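Down below is the structure, laid out as structure tokens.
The values are calculated or read from the model by the stated rules, or taken from the named source; none is laboratory data. Given the structure is predicted, the values throughout are model-derived calculations rather than measurements. Quick reminder, even Gly has a Cβ in these numbers, built from the backbone with ideal geometry, and neighbours come from all protein chains shown.
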């Protein structure tokens, strides 16, 4: 299914039905009095978060959602039937915004959360409500109120604890496939990932977190190069960013330091808040280097990149170093209170669309490597 994370739709609530002005007329009842019923209320448009949906594709093509109007009131105290409500099911993580006013209507962050998007109109009153001791044959009635009408913008930001950053072919998809239950497309050419992937990483029977992989960035993404900044919004809810760097590129003309600095620059251009998130450096593909060249490349990279934050050396393909990294991530999330999605991760893992994945569950807690206390990455100095 195609991944769609933005949509614009129109929602129209139903109008309330009009009240009725009727008089009771029956044989042997010469003074029956007023018996006009009220109009029914208009249907309301609701939005509900559903964890079984992971894209907004349903709203890319169905652009208008209209609830039914309420029926008019009738005589003999007959009230009009209320209009049927409409429930729009959306992925968890959807932000709903009024396009005209810019008002944030709702942020659907929990499964089953329901909000009113467009309120149905109230039904009008029949003349039954206007009778009194001085007005025994009222002819007054009121019309129903119109339903709310809105143009709204839907924006999906996936819920994840950890986000992956890096150039295309840095090994992000291989890493998330190695440590979680995600099964992304992996190939030896750039931009194999065209949509965000979520994976549940288990570090114990009841300990887990969610990791998100987005398409790679390239220099000039702010100007629309590659896939641009289209998917960076999916990292805004994360508590930690992993910056993956290919330390053994196939093309020797490629400078890993220059590529890493380009990613940091693009992050700054997109959102300062995202740039300020804790960020760890992960040097990948070290299985392609022997021990001597590996140590030299790592030392040269750190020196030129002027990195002072937490750093890990891994091979996503062979799994070397991945176990220690995921335990350090879980420790960091638990320490900073960012592991609140563990229960939700369990629910995701129970979803039949996700396969069970165990990442290093056999390791003991005493053997867990600990991350540095200063998890916030220091920005590299420009040369």
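Quick rundown of the values:
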| read-out | value |
| --- | --- |
| In the range 86-129, the residues that are over 30 Å from residue 35 (Cα atoms), touching a strand residue (DSSP E or B) at 6+ places or on another chain (Cβ under 8 Å) and assigned to a loop (DSSP other than H, G, I, E, B) | 92, 93, 99, 100, 103, 109, 110, 111, 112, 113 |
| Pick from the range 36-57, criterion surrounded by 21 or more Cβ atoms within 10 Å (Cβ to Cβ) and touching a helix residue (DSSP H, G or I) at 6+ places or on another chain (Cβ under 8 Å), ranking: nearest to residue 152 (Cα to Cα) | 38 |
| Test: residue 93 is in contact (Cβ under 8 Å) with a residue 12 or more places away in the chain and in contact with a helix residue (DSSP H, G or I) (Cβ under 9 Å, 6 or more places away or on another chain) | yes |
| Looking only at the range 55-70, and only at residues there that are free of Cβ contacts under 8 Å to residues at least 60 places away in the same chain and part of a loop (DSSP other than H, G, I, E, B), the one that is farthest from residue 91 (Cα to Cα) | 68 |
| One residue from 282, 245, 257 being more than 20 Å from residue 160 (Cα to Cα), touching a strand residue (DSSP E or B) at 6+ places or on another chain (Cβ under 8 Å), surrounded by 15 or more Cβ atoms within 10 Å (Cβ to Cβ) and at pLDDT 85 or above | 245 |
| Sole residue being crowded, with 19+ Cβ neighbours inside 10 Å and either assigned by TED's automatic domain parsing to the domain that holds residue 261 or at pLDDT below 85 (or both), chosen from 144, 126, 166, 204 | 166 |
